[in-house]
Amino acid sequence: MTTTTLQLAKQNFKFSSAHFLIFDDHRAEKLHGHNYQVRVEIGILGLEALETSGFFIDFNVFKKYIKDRLDLWDEMVILPEQHAEMKFQKRGLGLEVTFRDRFYVFPANEVVLLPVRNTSVEQLSRLLAEDFLAEFRTYKVSFVSVYVEETPGQGATTRVTA
């Protein structure tokens, strides 16, 4: 059996976001930011198009969706909506966030609440991989693997299969 994968690691596959990790009942990072880089690997299920035209699909189909998706997190504060100690209250144009003894007020339109318990690279890569696979299923994709790097040489990969 032959497997073909597409590798997409463009310079503009990035997003800059503020977050903090929650380690345990007593420890959590301070709010800080990263310039995340993203690499995507896409597995091909059907090779008919490859045999007919010599290529699977125009890379721009995938690149546009990936870039548009990453732009949703760019220059945003990303927070874990499902962590039990995170409390959110929208007041006018602001979002009040309480976490243990911390209190923040952000412009509501500059915050993304993610359906996770922590905003780790492990969770970010999982969310993106699941989203990309759901979007790319119509192109007979067999798997999507997403690597999210928060600093050079430090990141996480999630692979989801169809």
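Selection of first residues in the range 142-162 that are closer than 10 Å to LEU124 by Cα and of second residues that are among the small types (Gly, Ala, Ser) and in a loop (DSSP other than H, G, I, E, B), restricted to Cβ pairs under 8 Å at least 6 apart or on distinct chains, gives the following pairs, ordered by first then second residue: ALA156/SER120.
Let me confirm something: among PHE23, PHE55, PHE59, PHE13, which residue is farther than 18 Å from GLU110 by Cα, among the aromatic types (Phe, Trp, Tyr) and under 13 Å from the mean Cα position of the chain (by Cα)?
On the way: PHE23 fails: under 13 Å from the mean Cα position of the chain (by Cα); PHE55 fails: under 13 Å from the mean Cα position of the chain (by Cα); PHE59 fails: under 13 Å from the mean Cα position of the chain (by Cα).
From the options PHE23, PHE55, PHE59, PHE13, the qualifying one is PHE13.
Out of all the residues in the range 13-22, is one or more charged (D, E, K, R) and without any contact (Cβ under 8 Å) to a residue 60 or more places away in the chain? No, the range 13-22 contains no residue that is charged (D, E, K, R) and without any contact (Cβ under 8 Å) to a residue 60 or more places away in the chain.
Selection of first residues in the range 102-125 that are farther than 17 Å from LYS30 by Cα and of second residues that are of a type in the set (Lys, Arg), restricted to Cβ pairs under 9 Å at least 6 apart or on distinct chains, gives the following pairs, ordered by first then second residue: ALA108/LYS90; ALA108/ARG91; VAL116/ARG126; GLN123/ARG117. With respect to LEU6, determine if the residue is touching a helix residue (DSSP H, G or I) at 6+ places or on another chain (Cβ under 8 Å) and closer than 21 Å to THR138 by Cβ. It is true that LEU6 is touching a helix residue (DSSP H, G or I) at 6+ places or on another chain (Cβ under 8 Å) and closer than 21 Å to THR138 by Cβ. Screening the range 1-98 for strands (runs of 3 or more DSSP E) wholly inside it with 2 or more residues that are of a type outside the set (A, V, I, L, M, F, W, C), at pLDDT 95 or above and on the phi > 0 side of the Ramachandran plot returns no ranges. For the condition of a type in the set (Val, Ile, Thr), over 13 Å from ILE78 (Cβ atoms) and in contact with a strand residue (DSSP E or B) (Cβ under 7 Å, 6 or more places away or on another chain), VAL144 qualifies.
Name the one entry in PHE136, PHE103, PHE132 that is in a strand (DSSP E or B) and not polar (S, T, N, Q). It would help to see each step written out before you state the result.
Details: PHE136 fails: in a strand (DSSP E or B); PHE132 fails: in a strand (DSSP E or B).
One residue alone meets the criteria, PHE103.
The values are calculated or read from the model by the stated rules, or taken from the named source; none is laboratory data. This structure is a prediction, so every number in the text was calculated from the model and none was measured. Here the Cβ is made from the backbone with ideal geometry for all residues, glycine too, and neighbour counts use every protein chain on show.
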